[in-house]
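Inspection log for the structure reproduced underneath, given as C-alpha cells.
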Amino acid sequence: MFLGNLGSLAYFLPELAVTATILLLVVLHVASKRKTSSAPAFLALVGVGASILLAGVSPPGEGKAIFEGMAAYDGFAVFFKVLTAFATLVVILMSMDSGELAGRSKAEYFIFLLATLLGMFLLSSATDIVMLYLSLELVSIPSYLLAGYLKGKERSTEAAMKYVVFGATASGVMIYGFSLLFGMAGSTQTAEIGRVLAAGKPALPVILAAVMVAVGFGYKIAAVPFHMWSPDVYEGAPTPATAFFSVAPKAAGFAVLVRFYYTVFAAHDAASGLWRITSSMDWPLLFAGLSAVTMTVGNLVAIKQENVKRLLAYSSIAHAGYMLMGFVLLSPAGIEAILFYLVVYLFMNLGAFYVVVLVGNSARGENLSDFTGLGSRAPFAAVALSIFLFSLTGIPPFSGFIGKVYLFAEVIHRGVYWLAVVAALNSVVSLYYYARIVRAMFLLEPKDPSAIPVPAVSGAMLVLLAAPTLVLGVYWEPVARFASASVKMLAF
Amino acid sequence: MGFVDNHILSLMTFLPLLGAAVLLCVPRGKDDVIRWIAAAASFLPVLLAVKLWFAYDRTVAGVNTASQFQFVEHYTWIPSINAEYFLGADGISMPLLLLTALLSFLAVIGSFGIEKKVKGYMALFLLLETGMMGVFASLDFFLFYVFWEVMLLPMYFLIGIWGGPRKEYAAIKFFLYTLAGSVLMLLVLLALYFNTTNPETGGHTFNLLHYMAQGTHNAWLKGFDVRILLFLGLFIGFAIKVPLFPFHTWLPDAHVEAPTAISVILAGVLLKMGTYGLMRISFPIFPDATRWFAVPMAVIGVVNIVYGALCALAQSDLKKMVAYSSVSHMGFVMLGMAALTPLGMAGASMQMFSHGLITAMLFFLVGVVYDRAHHRQIDGFGGLGAVVPVYTGFISFAFFASLGLPGLSGFVAEQMVFLGSFEAFRPFVVVAACGIVFVAAFHLWSLQRVFLGPLNPKYATMEEINAREMFCLTPLGIIVLLVGVWPMPVMNLLNASAVRLVDIVKAVL
Amino acid sequence: MAAFLASLNFSDPYFAVLVLLVIALAMAVGFVFLSQALGPKRYDRIKFDVYECGVDPKTPAAVRVSVKFYLLALLFLLFDLETTFLYPWAVLYRSLGLFGFLEMAVFVGILLVGLVYAWKKGALEWQ
C-alpha cells in the first residue's frame, strides 16, 4: 500500500524539479561574475513552470501514499502544488519588476523563494507529523530570510527578527502538541493517530494537543490571536515577498490545517461524505470562534492603517478568517469553498500587491498619500487596483463575490447562522478601508500630477491578474469543477 | 424583428452596457462623440420601452404565476448552483421599466454639462443603467442580487468624483449603507436557496416564482419565527433603499452632493427599487409575515411622510429640501403597500411612477438654478420670477405636482393611497393627511422666498432656462399632466398585478 | 463538565507530566510574583546599574559578538549532522547496494553545493 522510495519518485517530479532548480541557482550564483544579472530570475521561472507542468503529469486518481506513508499524492496535494507554484511564478515576475530589489543580487532571493515553494509542496502532501514539522520549518525559515532580504533597511531587519522569534515560538508549541499526539498513538502517521484517537482517548491530552497544534497552524495562516507578526513582517519585507507571504504560505497553511484536522481529529463518513468529530472536544466550534475573531480584528484594525502594505496585511488576516469559515463545516462543500476562494484570492491579492510594487517603484513609499491621484497619473494601474480591491470586498460582478457566496452558502447550509451574519457585517466594514484607497486614487487631487509610466510587461501582468478577477465573477465553472475534484484527500 | 421581440428585456438591459464598451474605445478628447454615443445608447431602451407599452397585455396579472409573465427570457446560466437567466415583466415592474428608460435618457442629456472626465462619467452611467434595468427585469434572485450590487460601484464613483463639496463623505456613506442592506439580503437569499426545492427538478433554485409557491418550502422555512426573521432581514435591506425612517440618513447627503443628473436617477429610480423589492420579493414569498408586520410598516410610512415634510420645512438648501420631500413621498408608497388593499397597492405603484417623474423634474430644476448661481440657499435668492419667468413657470408646475395639486399625477396617486388605506388604518391616514399641510407649506414657502417677493439684485441678469434643460423637463411635465387628468392608461398597466399581489398577501388565493 | 472530570485518569503517566508542568509554572511565576509583592521597595539609583563585580561599569553593557562565531557554529551543525547521517549508512552500506550509494551521493552532493556556496561567499574565512 505504501510506495517505497524508488517507486515514489515518479510522483515526486515537481519537487525534484524545484530542487534541481535550487541547486542550479546556487551553482550559477557562485560561478557567475556579474552579480546582478537576470539569469537567476529566468532559471527560477523555468524551474517553477516545469514543476507546474510536472504536477499534472500523473493524475492522482484516488491517491497514493508515497515515501512509506510520509506524504500523500492525491488531488488535494496536486491542487495546492499548482496553486502555490503559480503564485510563486507571479511573484518571480513581480520581483523582476520591483524597484526595491533592483540593484541587489537576486539569486539568493530566488533560492529562498524556491526553497519556500519546496516546503509548501511537502506541506500540502504531508501525512506524517515529522514530515509536517520539517516542511513547516522549510516553509518558515526561508521566509524569515525573504522578509529580511533588504539588508540595509531597518524595517526589513526588524520584520525578519519578529518573524523568527514568533515563528520559533509557534513551532515550538506546535511540536509539543505533536509530541502529545505521538505519545497517545505510538505512531507518527496522521492516519494512524486518527484511528487511535477515534477509538477513544482521555479528553485532556487530546484537547491540549488540538489547541497546541492550532497555535502552530494558526500562526502560519495568521489567524487571531497568532497574527501579531503579520503586519510588521508584511510592512518590512520587500513588497514581492509580502505578496508571496500573503498568498502562498497561507494557502499551504490551510492545506495542512484541513488535512491534519480532518485526518487526526475527525473521521470520514463515506456514506454522507461528511466528517464527524472523534473526540469530546468541539474543535469546529473553537475554530468558528477563531474565524469570527480573526475577521473582526483584521477588518477593524485595518481601518486605521496609513501604510498600504500594513492595510493589506490586516486584510489578509481578515480573509484568512473568511476561509476558516469553510473549515469548521466538516463537509466537502466547505473544503471546496476554501479551495475556490484561495484561487480567486490569489489573483486579487497578488494583483493588488503588484500595483503597490509599481507605486512603490515611482514614489519610493507605500503610504496612502503615495496613492493620491493615481487615477489621473496611472489610470490603467488605478483601475486595475480598484478591480482587485472591490473584488477583495466581495461585491458583484467580481470573482471575490463568488468566492464569498460559496463560503456563505455552505455556512448557511450547515446552519451556523451567527457566523454568516458576522462575516456579512465584516464584508461591509472591509468596504470602508478598501474604498479609502480607491478614494485616494480617484477622488483626491495629487500633489504631483506627473504621469507614472507603467512598463509594458507590468501592464501585461496586471491584465493577466485582472482578467480572471473579472471573468471568474461571471463564469467560474472550470475553477469550481477543479476545486470539487480536488477535495479527495487520501485516506489510509 | 423576431430577435428583438424575443429578447426585448435583455436588449433594454444590455444595450447601455454595449454603449459603454463602445465609448470606452473613443480616443481621448472627443467629448462630444462620447456624449452622443451615450445618448444613443440610452435612447434605444426608450424606443424599446415604447414597444413594451404597446405590446403589453394589460389583462394578465402574473405576480406569482410563471405563465402570466410577459417578455419572458428563461435560460440556464450557472448549472452548478442552479442560477437561471430569467427575465420577465408584469404589472409591478412595467411602469418602473418605462420610468427607468425615460429617466436614464433624460439624465444623459442633462449630463451634457459635465466637463471633467466625460468618458468615465458616461461609461459609469451606462453601467448604472444596465444594473437598474436588470433589477426590474430579473425574476431569478441571484440575477436580481448581482444587478442590485452592480449599481453600487458606479454610484460611488459618480457621486465621489463629480459631486459637490462633501462628495467623498456622501459617496462612502451611500456605499456602506446600501452594502450593509445588500449583505443582509444575501444571507436571506442563501437561506431561501437551501430551504426550498425546485418543483420540477427537486434540487435547489434561485427562481423567485418557485419561492412564491408555498409547497416548495421545507419544514424549517415553514416555521413562523424563521419567516419573520427572514422577512425582517429583507425588510431592512430594502428599507435602506426606500429610504424608510430611521435608515434614511444617507439620502440627504447623497442627493445634495451628487451631480444633478445623478440626483435625478437616484431619486427617480433607485429609491423605487426598495419598494419594488418589497413588492416583488418580500410580499409574495412571506405573505404571513407581511400581514404580521403591516401595522409597523404603515406607521413607518406615516413617520416618513410627516418627518420628511417637517425636515424639508427646516432646510435652507433647496436641493436638500427636495431630497427630504422625496423621503416624504416614499412614505406614501409604504403606507399604500402596508394597507394591503387593491386600491392602496395600486396607489403605491402609481405613486412610485408619479414620484419618479416629479422628483426628476424637481432635481433638474434645482440643477438649473445651481448652474447659474452656484449655490442653493433659499434665502440667498429672491424675486427670480421677474428675471426668469419660463423657469419659474416650470418650477411652479413641478412644485404643485409635488404637493399633490389635483389635475397632476401626484394627486391621483396620493388619493388612491389615502382611499386604499382609510379602511385599514384610519388614524394613520388622518395623521398623514395633516402631514400634507407641511408638504404644501415647504413647497409654497420656498416658492415664495425664491421666486416671489423683492428681487435680489445679484440675480437681476440670470440666464433663462435653455433649450437643453427644457428638453429634459418637457416630456416629464407632459406625462405628469396627462396622468393627472387621465390616469387610466397607467392604471391599466399596473392594476391587475396590484390586485393579485394583495390577494396573495391576504391569502385569499 | 462532570463527564470531563470523570474522564481524568489520575494514574495516567501523562497526568504526572501535567502536574509537573503546573508546579514548574507555578514556582517560576510564583517566586517572581512573591518577591515583587512581599519584598521591600527602596529605590536607589545604583540598583539599576549594570553589575560588574562591584566596581563602576567601565564599558557599555551590550557587547557586540562577532558574527563569525555564529557562522562557525552553524556550519559545524550542518556538516556534523551530515556526518551523523553518514554513520548508519556506512554500517548498512553492503546491504543497500547501488541504490543506497546513489541516494547518499545525492545527499552529499546537495550538501557539497552548499559547501561550495559557503566557501565562495567567504564564510570559511576566519577574518
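The values are calculated or read from the model by the stated rules, or taken from the named source; none is laboratory data. The model shown is predicted, which means the values in this text are computed figures rather than measured ones. Here Cβ is always computed from backbone atoms with ideal geometry, including for glycine, and neighbour counts include all displayed protein chains.
Quick one: is A:I395 within 10 Å of another protein chain (Cβ to nearest Cβ) and assigned to a helix (DSSP H, G or I)?
Spelling it out, it is not the case that A:I395 is within 10 Å of another protein chain (Cβ to nearest Cβ) and assigned to a helix (DSSP H, G or I).
Every residue, every condition in (1) surrounded by fewer than 22 Cβ atoms within 10 Å (Cβ to Cβ); (2) of a type outside the set (D, E, K, R), yes or no:
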| position | (1), (2) |
| --- | --- |
| A:S291 | no, yes |
| A:L300 | yes, yes |
| A:E306 | yes, no |
| A:A318 | no, yes |
| A:G321 | no, yes |
| A:L330 | yes, yes |
| A:V343 | no, yes |
| A:F353 | no, yes |
| A:V357 | no, yes |
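For the subset of the range B:154-167 comprising residues that are closer than 13 Å to B:M122 by Cβ and without any contact (Cβ under 8 Å) to a residue 40 or more places away in the chain, which member is farthest from the other protein chains (Cβ to nearest Cβ)?
B:P154
Can you work out which of the residues in the range C:105-127 that are assigned to a helix (DSSP H, G or I) and more than 12 Å from chain A (Cβ to nearest Cβ) is surrounded by the most Cβ atoms within 10 Å (Cβ to Cβ)?
C:V108
Identify, please: which residue in the range A:420-432 is more than 7 Å from chain B (Cβ to nearest Cβ) and crowded, with 24+ Cβ neighbours inside 10 Å and is, among those, nearest to A:L300 (Cα to Cα)?
A:S430
Check every one of the helices (runs of 4 or more DSSP H) wholly within the range A:164-250 and list those with 2 or more residues that are of a type in the set (V, I, T). Step through it out loud before you land on a result.
On the way: elements: A:190-199, A:203-221, A:229-236.
Of the helices (runs of 4 or more DSSP H) lying wholly inside the range A:164-250, those with at least 2 residues that are of a type in the set (V, I, T) span A:190-199, A:203-221.
Quick check on this structure: which one of B:A338, B:A424 is small (G, A, S) and either within 21 Å of the chain's Cα centre (by Cα) or closer than 29 Å to B:Y459 by Cβ (or both)?
Exactly one of B:A338, B:A424 is small (G, A, S) and either within 21 Å of the chain's Cα centre (by Cα) or closer than 29 Å to B:Y459 by Cβ (or both), namely B:A338.
For the subset of the range C:78-93 comprising residues that are touching a residue at least 24 places away in the same chain (Cβ under 8 Å) and not charged (D, E, K, R), which member is farthest from the other protein chains (Cβ to nearest Cβ)?
C:F79
Working only within the range B:33-57, note down all residues that are part of a loop (DSSP other than H, G, I, E, B) and surrounded by fewer than 16 Cβ atoms within 10 Å (Cβ to Cβ).
B:D57
Pick out, from the range B:408-509, the helices (runs of 4 or more DSSP H) lying fully within it that include 3 or more residues that are under 23 Å from B:V322 (Cα atoms).
In the range B:408-509, the matching helices (runs of 4 or more DSSP H) lie at B:409-422, B:426-451, B:467-485.
Is it true that A:F76 is in contact with a Gly (Cβ under 9 Å, 6 or more places away or on another chain), part of a helix (DSSP H, G or I), surrounded by 15 or more Cβ atoms within 10 Å (Cβ to Cβ) and of a type outside the set (D, E, K, R)?
Working: in contact with a Gly (Cβ under 9 Å, 6 or more places away or on another chain): yes; part of a helix (DSSP H, G or I): yes; surrounded by 15 or more Cβ atoms within 10 Å (Cβ to Cβ): yes; of a type outside the set (D, E, K, R): yes.
For A:F76, the condition - in contact with a Gly (Cβ under 9 Å, 6 or more places away or on another chain), part of a helix (DSSP H, G or I), surrounded by 15 or more Cβ atoms within 10 Å (Cβ to Cβ) and of a type outside the set (D, E, K, R) - is met.
For B:S396, are the conditions met, namely being in contact with a Phe, Trp or Tyr (Cβ under 8 Å, 6 or more places away or on another chain), modelled with pLDDT under 95 and at negative phi?
yes
Of the residues B:G113, B:G120, only one is of a type in the set (G, A, S), more than 11 Å from chain A (Cβ to nearest Cβ), under 30 Å from B:D317 (Cα atoms) and surrounded by fewer than 23 Cβ atoms within 10 Å (Cβ to Cβ); which?
B:G113
Step by step: first the residues of the range B:168-192, then only those that are of a type outside the set (A, V, I, L, M) and either more than 7 Å from every other protein chain (Cβ to nearest Cβ) or not in a helix (DSSP H, G or I) (or both), then the one that is nearest to B:E257 (Cα to Cα). Which residue is that?
In the first step, residues of the range B:168-192 are kept if they are of a type outside the set (A, V, I, L, M); the result is B:168-169, B:173-175, B:177-178, B:181-182.
Of the ones still in play, those that are also either more than 7 Å from every other protein chain (Cβ to nearest Cβ) or not in a helix (DSSP H, G or I) (or both) are B:169, B:173-174, B:177-178, B:181-182.
On the way: B:Y169: 9, B:K173: 11, B:F174: 11, B:Y177: 16, B:T178: 17, B:G181: 22, B:S182: 23 Å.
Filtering the range B:168-192 for residues that are of a type outside the set (A, V, I, L, M) and either more than 7 Å from every other protein chain (Cβ to nearest Cβ) or not in a helix (DSSP H, G or I) (or both), the one nearest to B:E257 (Cα to Cα) comes out as B:Y169.
In the range C:3-36, which residues are under 21 Å from A:P202 (Cβ atoms), more than 12 Å from chain A (Cβ to nearest Cβ) and small (G, A, S)?
C:A16
Scan the range A:349-398 for residues that are touching a Gly at 6+ places or on another chain (Cβ under 6 Å) and closer than 24 Å to A:L83 by Cβ and jot them down.
The answer is A:F388, A:S391, A:L392, A:G394, A:P397, A:F398.
Among the residues of the range A:366-381, what is the count of those that are buried (at least 24 other Cβ atoms within 10 Å of the Cβ) and within 12 Å of another protein chain (Cβ to nearest Cβ)?
1
Looking for something more than 23 Å from the chain's Cα centre (by Cα), within 14 Å of another protein chain (Cβ to nearest Cβ), part of a helix (DSSP H, G or I) and not aromatic (F, W, Y) - is there at least one such residue anywhere in the range A:443-462?
yes
Those residues that are within 14 Å of chain C (Cβ to nearest Cβ) and within 30 Å of A:P240 (Cα to Cα), I need them from the range A:149-192; list them, please.
Restricting attention to the range A:149-192, the residues satisfying the condition of being within 14 Å of chain C (Cβ to nearest Cβ) are A:151, A:157, A:164, A:173, A:176-177, A:179-186.
A:K151, A:T157, A:V164, A:V173 - these are the residues of the range A:149-192 that are within 14 Å of chain C (Cβ to nearest Cβ) and within 30 Å of A:P240 (Cα to Cα).
Look at A:Y432 and say whether it is aromatic (F, W, Y) and either touching a residue at least 60 places away in the same chain (Cβ under 8 Å) or under 26 Å from B:K117 (Cβ atoms) (or both).
Values: aromatic (F, W, Y): yes; either touching a residue at least 60 places away in the same chain (Cβ under 8 Å) or under 26 Å from B:K117 (Cβ atoms) (or both): yes.
It is true that A:Y432 is aromatic (F, W, Y) and either touching a residue at least 60 places away in the same chain (Cβ under 8 Å) or under 26 Å from B:K117 (Cβ atoms) (or both).
Out of the residues in the range A:215-253 that are surrounded by fewer than 22 Cβ atoms within 10 Å (Cβ to Cβ) and more than 22 Å from A:F353 (Cβ to Cβ), which is nearest to the other protein chains (Cβ to nearest Cβ)?
Per the criteria, the residue is A:V215.
Go over the candidates B:V306, B:V299, B:V333 one by one and state the one that is assigned to a helix (DSSP H, G or I), crowded, with 24+ Cβ neighbours inside 10 Å and either modelled with pLDDT of 90 or more or within 21 Å of the chain's Cα centre (by Cα) (or both).
B:V333
Given the residues C:L102, C:L75, C:L96, which is the only one that is outside any loop (DSSP other than H, G, I, E, B) and more than 14 Å from chain A (Cβ to nearest Cβ)?
So the residue among C:L102, C:L75, C:L96 that is outside any loop (DSSP other than H, G, I, E, B) and more than 14 Å from chain A (Cβ to nearest Cβ) is C:L75.
So, A:A480, is that one crowded, with 18+ Cβ neighbours inside 10 Å, within 10 Å of chain B (Cβ to nearest Cβ), more than 20 Å from B:V150 (Cα to Cα) and touching a residue at least 12 places away in the same chain (Cβ under 8 Å) or not?
The answer is yes for A:A480.
Would you pick out the residues in the range A:123-148 that are surrounded by fewer than 23 Cβ atoms within 10 Å (Cβ to Cβ) and hydrophobic (A, V, I, L, M, F, W, C)?
A:V130, A:M131, A:L134, A:L138, A:I141, A:L145
Residue-by-condition table, conditions (1) farther than 18 Å from A:V91 by Cα; (2) surrounded by fewer than 17 Cβ atoms within 10 Å (Cβ to Cβ); (3) among the β-branched types (V, I, T):
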{"residue": "A:S8", "(1), (2), (3)": "yes, no, no"}
{"residue": "A:F12", "(1), (2), (3)": "yes, no, no"}
{"residue": "A:E15", "(1), (2), (3)": "yes, no, no"}
{"residue": "A:A20", "(1), (2), (3)": "yes, yes, no"}
{"residue": "A:H29", "(1), (2), (3)": "yes, no, no"}
{"residue": "A:S38", "(1), (2), (3)": "no, yes, no"}
{"residue": "A:L43", "(1), (2), (3)": "no, no, no"}
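Within the range A:463-477, how many residues turn out to be within 14 Å of chain B (Cβ to nearest Cβ) and hydrophobic (A, V, I, L, M, F, W, C)?
So the count comes out to 5.
Going by what's in this entry, would C:F15 be described as outside any helix (DSSP H, G or I), of a type in the set (F, W, Y) and within 30 Å of A:L208 (Cβ to Cβ)? Explain how you work it out, then say what you get.
Working: outside any helix (DSSP H, G or I): no; of a type in the set (F, W, Y): yes; within 30 Å of A:L208 (Cβ to Cβ): yes.
For C:F15, the condition - outside any helix (DSSP H, G or I), of a type in the set (F, W, Y) and within 30 Å of A:L208 (Cβ to Cβ) - is not met.
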